[in-house]
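Input: a single structure, listed below in structure tokens.
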Amino acid sequence: MIHGLTDVGQKRTLNEDSFYFETGKKGFMMIVSDGMGGHNAGEIASTMAVKALIDYAKENDMFRDPESSLRKAISFANKKIYKAACRKASLSGMGTTLVVAVGNSKKVCIANVGDSRAYHISKEKITQITQDHSFVYELVKNGLITPEEAKTHPRRNEIIKALGIGPEVYPDIFFLDTEKTDKLLLCSDGLTSHVSDEEIFTIVNRYSRKAATEALVKLANEYGGSDNITVVLR
């Protein structure tokens with residue numbers, strides 16, 4: 001079972017996040033995309049990314065070779081967004097983050113570009129699978145600032161990799177072995193900028209998937225809701 005929810009938050013007037021999930025005989029696919037750009041260009045970019053992955057999945061078996069499939073699907077999506085941005089001045093510079101998971105109850109392949117995240121949650125612990133492609137994450141990784149300092153850094157929203165901002169993009173790929181009782185959460189940074197990993201862990205293990213997604217979005221809004229908030233939980 002998978003449940004997803006998106007919310008505009010408390011500060012924005014437009015929701016530039018998009019999400020999608022599906023399940024079938026071979027397994028599941030989950031997607032979260034967080035757009036950026038002027039006017040409504042971010043919304044267009046995130047929607048295009050999700051649609052491109054869905055279209056690719058309809059024509060190709062994503063489960064036979066998930067890593068190769070995800071790389072090709074993301075390249076396909078990137079080219080579509082980049083070409084659209086080049087053709088129309090109002091869309092110039094638009095881009096989007098992307099985190100996508102393809103798998104089954106035992107094995108999952110995850111790809112990400114940007115700072116939307118994937119978490120593996122068991123009964124014992126929560127583990128962030130993806131690594132943010134952001135300016136502040138590079139500072140943390142190189143020991144220049146602490147994770148706590150990153151949360152309030154003036155450049156914390158600066159992304160260094162995204163779909164659509166160049167002719168090519170290279171996602172990070174991760175592989176995950178899971179148990180049937182484990183959960184997988186994909187989210188935009190509208191959640192993680194407000195809600196801690198510990199709070200996510202507690203809520204996901206306390207409630208049903210539907211109730212947990214609702215509780216996480218509500219908590220992010222209670223903490224300020226400074227951005228759009230999207231959660232997809234399996």
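Throughout, read-outs are computed from the coordinates displayed, never taken from laboratory work. Since the model is a prediction, treat every value here as computed from it, not as a measurement. Counting neighbours? That spans all protein chains shown, and the Cβs are built from the backbone with ideal geometry, glycine included.
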- Cross-link partners of Lys106 among aspartates and glutamates (Cα-Cα below 13 Å; sequence separation of 8 or more within a chain): Asp177, Glu179, Asp182
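Taking the Cβ-Cβ separation of Thr13 and Thr152 as r and a Förster radius of 22 Å, what is the calculated FRET efficiency to the nearest 0.05? Present the calculation step by step, with values, prior to reporting the outcome.
Working: r = 25 Å, r/R0 = 1.12.
Step by step, r from the Cβ atoms, then E = 0.35.
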- Message: Would the stretch 1-121 count as rounded, prolate or oblate if I go by the C-alpha gyration tensor, calling it rounded below 1.5 in a/c and otherwise prolate when a/b exceeds b/c, oblate otherwise?
- Response: oblate
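Sort the following peptides by mean Cβ neighbour count (other Cβ atoms within 10 Å, averaged over residues), highest first: 6-13, 141-148.
Details: 6-13: 16.4, 141-148: 10.1.
So the peptides 6-13, 141-148, ranked by packing, come out 6-13, 141-148.
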- Query: Peptides 100-106, 206-212, 64-70: what's the order by average Cβ count within 10 Å, highest mean first?
  - Reply: 100-106, 64-70, 206-212
- Message: Only Cα pairs within less than 10 Å get springs; with that Gaussian network setup on the chain, which residue of Gly37, Gly114, Gly164 has the largest fluctuation?
- Response: Gly37
- Under a cut-off of 17 Å between alpha-carbon atoms, report the lysines in cross-link reach of Lys11, not counting same-chain residues fewer than 8 places apart. Lys218
- Task: Among Arg71, Arg117, Arg155, determine the one that fluctuates most according to a GNM of the chain built with springs between C-alpha atoms less than 10 Å apart.
- Result: Arg155
- Task: Tell me what the chain gives for mean residue ellipticity at 222 nm when only DSSP H runs of n ≥ 4 count, each as -39,500 (n - 2.57), the sum divided by the residue total, rounded to 500 deg cm²/dmol.
- Result: -10500 deg cm²/dmol
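For the cross-link pairs Lys26/Lys83; Lys51/Lys161; Lys83/Lys210; Lys25/Lys180; Lys88/Lys151, which exceed 27 Å when the distance is taken from alpha carbon to alpha carbon? Don't skip to the answer; put the middle values down first.
Numbers: Lys26/Lys83 33 Å; Lys51/Lys161 20 Å; Lys83/Lys210 37 Å; Lys25/Lys180 16 Å; Lys88/Lys151 35 Å.
Pairs exceeding the cut-off: Lys26/Lys83; Lys83/Lys210; Lys88/Lys151.
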- Task: State the answer as a single residue: which of His133, Leu53, Met30 lies farthest towards the positive end of the charge dipole of the stretch 1-142, with beta carbon charges of +1 for Lys and Arg and -1 for Asp and Glu, about the Cα centre.
- Result: Leu53
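Based on the Cα gyration tensor of the stretch 169-210, what are the three equivalent ellipsoid semi-axes, each the root of five times an eigenvalue, rounded to whole Å and given largest first? Display every interim value, and only then the final one.
Working: eigenvalues 88, 62, 14 Å².
Equivalent ellipsoid of the stretch 169-210: 21, 18, 8 Å, largest first.
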- Message: Cut-off under 20 Å on the C-alpha distance; same-chain residues fewer than 8 positions from Lys141 excluded. Which aspartates and glutamates are left, in chain and number order?
- Response: Asp115, Asp132, Glu149, Glu158, Asp172, Asp189, Asp197
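Viscosity 1.567 mPa s, temperature 4 °C: what is the translational diffusion coefficient of the stretch 3-233 from Stokes-Einstein with a Kirkwood Rh over Cα pairs, rounded to a whole number of µm²/s?
On the way: Rh = 17.6 Å.
For these conditions, the coefficient is 74 µm²/s.
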- Only Lys, Arg (+1) and Asp, Glu (-1) charged, at Cβ; the stretch 3-233 dipole about Cα centre in debye: 680 debye
